[in-house]
1. Being assigned to a helix (DSSP H, G or I) and more than 13 Å from Ala209 (Cα to Cα) is true for just one of Pro85, Pro148, Pro97. Which residue is that?
2. Within the stretch 100-116, restricting attention to residues that are under 26 Å from the mean Cα position of the chain (by Cα) and in a loop (DSSP other than H, G, I, E, B), which residue is nearest to Gly215 (Cα to Cα)?
3. If a residue must be closer than 27 Å to Leu217 by Cα and aromatic (Phe, Trp, Tyr), how many such residues does the stretch 30-59 contain?
4. Spot the failing condition for Gly128; the list is (1) within 26 Å of Ala196 (Cβ to Cβ); (2) of a type in the set (Gly, Ala, Ser); (3) surrounded by fewer than 16 Cβ atoms within 10 Å (Cβ to Cβ), and only one is missed.
5. Looking at Arg189, Arg115, Arg182, Arg159 in this structure, which one is modelled with pLDDT under 90 and closer than 16 Å to Arg81 by Cβ?
6. Would a scan of the stretch 211-234 turn up a residue that is at pLDDT below 85, among the polar types (S, T, N, Q) and part of a helix (DSSP H, G or I)?
7. Restricting attention to the stretch 229-255, and to residues there that are touching a helix residue (DSSP H, G or I) at 6+ places or on another chain (Cβ under 6 Å), in contact (Cβ under 8 Å) with a residue 40 or more places away in the chain and of a type in the set (A, V, I, L, M), which single residue is farthest from Leu33 (Cα to Cα)?
8. Could you check Pro17 against (1) farther than 28 Å from Leu158 by Cα; (2) surrounded by 11 or more Cβ atoms within 10 Å (Cβ to Cβ); (3) not aliphatic (A, V, I, L, M) and say which number it fails?
Amino acid sequence: MGRPSRRSSTPWQLGVPGALGALLLVVPLLGLLVRAPWAGLPRLLATSEVRDALWLSLLSATAATLVSIVLGVPLAWLLARSRLPGLRLLRALVTLPLVLPPVVGGVALLLVLGRTGLVGQYLDLWFGLTLPFTTAAVVVAETFVAMPFLVIAVEGALRSADQGYDEAAATLGAGRGTVFRRVTLPLIRPALVSGAVLCWARALGEFGATVTFAGNLQGTTRTMPLAVYLAMETDPEAAVALSLLLLAVSVVVLVGLRGRLVGSST
């Protein structure tokens, strides 16, 4: 007898809604490609507004990712390896930005870090620092919404990693810092890379928290998503061109993560 096929026929009860779901996700993207002003695309993307928005988006998303790595990796270690009380509550609060409407996150940032906010008033009084409506505010807003992606990826890797290697290194006399740098980080590097890329992509596409906390000032806080929203009201063709640019970046990110987020098919 022959071996049974690994791929059985798809029942229509699953195939039909599955196909409809695929159409719902794919057709709008195809519509964007079909309606794109390909002939005038170079002219639309060569404007100073697009260059400023693209440069600011790349700069702020990269800065937000670096901040997320510096702060998020230790936070993920605490969630995965420490025995501090209240970790369940802390984990829930850390992942809350994943489901929180970004505009609400922007309002929360404004209430805390605004000029009259809980913390912002002292930053202004003691150091003369005002965060809202600055490029730094863009980085803060993007970090707030994007860092949970990195924390979740790294925490999962830390939980599944074999701690025997850490214990063996400690037995041989390595300090905790050395163990983390030379043993733990190499073990979780794939998750760290994929988490960082997801974090960067999420920061690049952030809109709600940015426009609420940082505003929409060209060359200062107007990122690509904000430029798309503004162009929709004045120049729809420019909005489509900007959307295509963001779509291209997203495709590059997904290709770079191929095989990391889901198992490769056979």
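The values are calculated or read from the model by the stated rules, or taken from the named source; none is laboratory data. Just so we're clear, the structure is a prediction, and the values are computed from it rather than from any experiment. Cβ atoms come from the backbone with ideal geometry, glycine included; neighbour counts cover every protein chain shown.
1. On the way: Pro85 fails: assigned to a helix (DSSP H, G or I); Pro97 fails: more than 13 Å from Ala209 (Cα to Cα).
After applying the criteria, what remains is Pro148.
2. Going through the qualifying residues, I end up with Gly114.
3. Residues in the stretch 30-59 being closer than 27 Å to Leu217 by Cα and aromatic (Phe, Trp, Tyr): 1 in total.
4. (1)
5. Being modelled with pLDDT under 90 and closer than 16 Å to Arg81 by Cβ holds for just one of Arg189, Arg115, Arg182, Arg159, which is Arg159.
6. yes
7. Out of the qualifying residues, it is Val253.
8. (2)
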